[in-house]
Amino acid sequence: MMEEAQRIFDYLPVSYRDPAEKEDVEFLWDAFLIESQNPDEREFLDDESQIEEIFVNGNYLSFEDIKIAQHYDISVLSVETGFANIQSLEQTLNDLYKEEE
């Protein structure tokens with residue numbers, strides 16, 4: 001029984017596990033933005049594929065997790081040389097995953 005519960009827990013999106021794990025999603029988003037700021041050095045040239053395949057699918061994120069990333073303040077990354085590309089990635093994430101009105 002305990003093993004079954006652990007297997008289920010392992011597949012839950014980060015945001016459903018513990019509100020304190022919001023930091024984990026923010027850490028993943030921050031690292032993704034830094035690693036993906038140069039389109040010539042990442043897996044996909046276009047922002048949309050990079051976000052969907054590497055960030056969302058690669059980290060098994062739920063819509064709730066994505067909402068956490070959307071509220072992350074990217075201004076802390078303004079010192080990065082590719083900050084304009086970071087802003088583009090943020091805008092693409094927001095365009096791809098709009099909150100229901």
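Laid out as a table, the results:
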{"quantity": "Every residue from segment 61-78 that is among the aliphatic types (A, V, I, L, M) and either buried (at least 17 other Cβ atoms within 10 Å of the Cβ) or not in a helix (DSSP H, G or I) (or both)", "calculated": "61, 66, 68, 69, 77"}
{"quantity": "Top-ranked residue in segment 10-50 [being among the charged types (D, E, K, R) and in contact with a Phe, Trp or Tyr (Cβ under 8 Å, 6 or more places away or on another chain); ranked as modelled with the highest pLDDT]", "calculated": "30"}
{"quantity": "Criterion (aromatic (Phe, Trp, Tyr), surrounded by 14 or more Cβ atoms within 10 Å (Cβ to Cβ) and part of a helix (DSSP H, G or I)) met by exactly one of 32, 44, 27", "calculated": "32"}
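The values are calculated or read from the model by the stated rules, or taken from the named source; none is laboratory data. Quick caveat, the model's predicted, so the values are computed rather than measured. Virtual Cβ from ideal backbone geometry, glycine too; neighbours counted across all protein chains shown.
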